[in-house]
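Undergrad: Just passing along the structure, written as structure tokens.
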Amino acid sequence: MIPALLAGRRWTSLRLRLLIVFALVALTAAVSASGIAYWLNREAVLTRTQDAALGDFRQEMQNRAAALPADPTAQEIQRTAELMAASSPGYSVLLVQEGKDGQVSGAAGPDAFGLGDVPKSLRDAVDDRQKTTAANDAEYHMYWQRTKPGGNPYLVGGTRIVGGGLTGYMYKSLAQERDDLNALAWSLTIATGLALLGSALLAQAAARTVLKPVQRLGDAARRLGEGELDHRLDVSGTDELADLAHTFNKTAEALEKKVADMSAREESSRRFVADMSHELRTPLTALTAVAEVLEEEVDDLDPMIAPAVALVVSETRRLNDLVENLMEVTRFDAGTARLVLDDVDVADQVTACIDARAWLDAVELDAERGIVARLDPRRLDVILANLIGNALKHGGSPVRVKVVVEGEWLVIAVQDNGPGIPEDVLPHVFDRFYKASASRPKSDGSGLGLSIAVENAHIHGGDITAANAPGGGALFTLRLPVDVGKVIAGDQDA
């Protein structure tokens, strides 16, 4: 799972995107420049070659072919063709004469060249007689065409002597020009590849310049989130990244001061609650003793004052429970609550909790004997007492308690027989001092019982959830590790 996430992160990283953008820009620029350069060089090379060959062929037609008699012999035509090919820059010559006895031709040059190698469209254009005008003083013109017989490039040109003389064709190979252009294309391709490599290196350098401060900022933010509020960034330079680092340092400084102030106020508040609870315990001890004496004598008291005495006794006990709960909450908030682990038979522990509070007639227990868990028995008793007592107060009996083991977890479900918990109350049932007085009877509790129960579950590495059972009634589910010590050791190693 983690490698997959890292791979996805690499594919969407800013470094990769910078590399891709630089590469695309460089590739587009290099391909465009190479394409333009290749096209311009290709046209220049081919135009220069064909202009030189056609110009020389025209001159040879004027100097040699035009000097032949009106009805030359085959030997004269062949001789003229050889002289023209010998003086030409590497092209073959074909001379054709339509005589009384048929067609007479002569060919010479480096390539085997016949009338069949001349495209028909070119022959038709050469033989096309033009009407002479003020703008056109010649009946015949020179035409040319590029062909690829057998896949090899050739330049074919042709013209006819004015006045009905010889028709001449030239046939020049463009293989050398093709090789030169291919070499140029390979050079441009290599240059494009080098430009692409250079852009990648440039992008890497730019990414390192930009991303290194960003990475330092990310590390600093991570350390700040882990509680190292005194961590600061080294600020160098005057660019936007330096401004960002400076802003981060100012923000971290303000956050450190704010957290320090809040921590100090929270610590002062916890200390005040702890001191207050501790100071209240001494007079409460005396009041509790007096209340117990008054409770024993309540039957002998005046009927007018007996209710007042009963109220004093009840409220004294409630105040004593509130002080004890406040002391427990203070220990959780201060992080001083500790576990005293022992191997516990869960069924015996639940039975002992119920029996100690005289709830045996109101609770149905479904628990197999022999389920042993390693946990803090005192804190489990606190959890069970709060969950079962809450169910009896607000849901009514019988309360069903079921104990099962699911893998490495001990699961204890407590379900009452009441109307259930309203949906708007469910998210708040574990809040401190929260009482759903609008939907449940008024409670004489402190509003801390369920919050203390869930804190005791958390310190074990477990949790408590609240829901409404399908068959009716509120359902509280406690989940604790079967071996709390093993879980705590694993967390410490991690």
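The values are calculated or read from the model by the stated rules, or taken from the named source; none is laboratory data. Not measured: the values here are computed from a predicted model. In this analysis, Cβ positions are derived from the backbone assuming ideal geometry, glycine residues included, and neighbour counts consider all displayed protein chains. Note: areas computed on protein heavy atoms with side chains; ligands, DNA, RNA excluded. Shrake-Rupley method; radii C 1.70, N 1.55, O 1.52, S 1.80 Å.
Undergrad: Multiply the residue gap between Asp71 and Glu279 by 0.36 nm, knock off their C-alpha separation, and tell me the result in nm, one decimal place.
TA: Going from the current span to full extension adds 60.6 nm.
Undergrad: Just to be sure I follow the rule: in the chain, considering lysines 8 or more places apart or on different chains, how many pairs have Cα atoms under 16 Å apart?
TA: Taking the Cα cut-off of 16 Å, the pair count is 5.
Undergrad: Moving to a separate point now. If Leu166, Leu450 are ordered by their accessible area, calculated over protein heavy atoms with a 1.4 Å probe, which sequence runs from highest to lowest? Present the calculation step by step, with values, prior to reporting the outcome.
TA: Details: Leu166 5, Leu450 25 Å².
Largest to smallest exposure gives the sequence Leu450, Leu166.
Undergrad: Could you pull the accessible area for Asp230 with a 1.4 Å probe, rounded to 10 Å²?
TA: We get 110 Å² for Asp230.
Undergrad: Which FRET efficiency, nearest 0.05, do Ser268 and Asp230 yield, Cβ-Cβ r, R0 25 Å?
TA: The computed FRET efficiency comes out at 0.70.
Undergrad: Another question about this same structure. Quick one: how many Å² of Glu253 are accessible to a 1.4 Å probe, rounded to 10?
TA: The value for Glu253 is about 110 Å².
Undergrad: Another question, then. With +1 on each Lys and Arg Cβ and -1 on each Asp and Glu Cβ, how big is the dipole of region 307-430 about its Cα centre, in debye rounded to the nearest 20?
TA: 320 debye
Undergrad: With axes computed from alpha carbons, what is the tilt in degrees of helix 449-459 against the longest principal axis of the chain, rounded to the nearest 10 within 0 to 90?
TA: Between helix and principal axis, roughly 50 degrees.
Undergrad: What distance in nm separates the two pseudo spin-label positions at Arg58 and His246, each 7 Å out from Cα along the beta-carbon direction?
TA: Each label point is offset 7 Å from its Cα along the Cβ direction, giving 7.4 nm.
Undergrad: If Met327, Met61 are ordered by their accessible area, calculated over protein heavy atoms with a 1.4 Å probe, which sequence runs from highest to lowest? Mind showing how you got there, number by number?
TA: Values: Met327 30, Met61 5 Å².
From most accessible down to least: Met327, Met61.
Undergrad: Quick check for me: using +1 on Lys/Arg Cβ and -1 on Asp/Glu Cβ, what's the dipole size of region 175-271 about its Cα centre, in debye to the nearest 20?
TA: So the magnitude is around 500 debye.
Undergrad: Excluding ligands, DNA and RNA, what is the solvent-accessible area per residue of the chain at a probe of 1.4 Å, expressed in Å²?
TA: On a per-residue basis, the chain sits at 59 Å².
Undergrad: So how far apart, in nm, are the two label points at Thr465 and Gln145 if each is 7 Å from Cα heading toward Cβ?
TA: Output for this residue pair reads 8.5 nm.
Undergrad: Right, next: How far is helix 14-63 tilted off the main Cα axis of the chain, in degrees rounded to 10, range 0 to 90?
TA: So the inclination is approximately 0 degrees.
Undergrad: Decide, for region 14-111, between rounded, prolate and oblate: order the square roots of the alpha carbon gyration tensor eigenvalues as a ≥ b ≥ c, take rounded if a/c falls under 1.5, and otherwise choose prolate if a/b is larger than b/c, else oblate.
TA: On the way: a/c = 5.58, a/b = 4.59, b/c = 1.22.
Note, shape of region 14-111 comes out prolate.
Undergrad: Just name one of Ser263, Pro377, Phe433: the one whose Cα is farthest towards the positive end of the charge dipole of the chain (beta-carbon charges, Lys/Arg +1, Asp/Glu -1).
TA: Farthest along the dipole direction, towards plus: Ser263.
Undergrad: Provide the per-residue ³J(HN,Hα) series for region 407-415, in order, calculated from phi with Karplus coefficients 6.51, -1.76, 1.60 and θ = phi - 60°, each as a whole number of Hz, with x at glycine and proline positions.
TA: So the J values, rounded to whole Hz, are x, 9, 10, 9, 10, 10, 9, 10, 10.
Undergrad: Of the listed values (1) 1.30; (2) 2.24; (3) 1.00, grab the one calculated as Cα Rg over 2.2 N^0.38 Å from the structure here.
TA: (2)
Undergrad: Restricting the count to DSSP beta bridges whose residues both fall in the chain, what percent are antiparallel, rounded to a multiple of 5?
TA: Of those bridges, close to 90 percent are antiparallel.
Undergrad: Per-residue ellipticity at 222 nm for the chain, helices alone: DSSP H runs ≥ 4 residues times -39500 (n - 2.57), over residue total, nearest 500 deg cm²/dmol?
TA: Taken over the chain, the calculation gives -19000 deg cm²/dmol.
Undergrad: Continuing with this model, one more query. Give the angle, between 0 and 90 degrees and rounded to the nearest 10, that separates the Cα long axis of helix 377-394 from the longest principal axis of the Cα atoms of the chain.
TA: Once rounded, one gets 80 degrees.
Undergrad: Going by average Cβ density within 10 Å per residue, which order do the peptides 459-469, 107-117, 354-364 take, highest to lowest?
TA: Most protected by this proxy first, the peptides run 459-469, 107-117, 354-364.
Undergrad: Something else about it: For the full complex of protein chains and a 1.4 angstrom probe, list Ile305, Ile421 by accessible area with the highest value first.
TA: I get Ile305, Ile421, largest accessible area first.
Undergrad: With +1 on each Lys and Arg Cβ and -1 on each Asp and Glu Cβ, and nothing else charged, work out how big the dipole of the chain is about its Cα centre, in Debye to the nearest 20. Could the numbers behind the result be given before it?
TA: Values: 50 positive and 69 negative charges, 632 e Å.
Here the chain has a charge dipole of around 3040 debye.
Undergrad: Leaving ligands, DNA and RNA out of it, work out the accessible area of Lys172 with a 1.4 Å probe and give it in Å² to the nearest 10.
TA: Accessible area of Lys172: about 30 Å².
Undergrad: Could you tell me which residue out of Ala134, Val482, Gly218 lies farthest along the dipole of the chain toward its positive end? Charges go on the beta carbon: Lys and Arg +1, Asp and Glu -1, centred on the Cα centre.
TA: Final value for the positive-end residue is Ala134.
Undergrad: Out of Gln415, Thr73, Pro153, whose Cα points farthest toward the positive end of the dipole of the chain (charges: +1 Lys, Arg; -1 Asp, Glu; placed on Cβ)?
TA: So the residue we want is Thr73.
Undergrad: Within region 465-488, name every residue whose backbone N is under 13 Å away from a label modeled 7 Å from Cα of Lys402 along the Cβ vector.
TA: 469-472, 475-478
Undergrad: Quick one: length gained pulling Leu16 to Lys393 fully straight, 0.36 nm per residue minus the C-alpha distance?
TA: 129.4 nm
Undergrad: Extension gain Phe433-Ala352, at 0.36 nm per residue separation less the Cα-Cα distance, in nm?
TA: Using 0.36 nm per residue and subtracting the Cα-Cα distance, I get 26.4 nm.
Undergrad: Hey, another quick one. Can you compute the modelled spin-label distance between Ile36 and Ala289, with each label point 7 Å from Cα toward Cβ, in nm?
TA: Output for this residue pair reads 10.4 nm.
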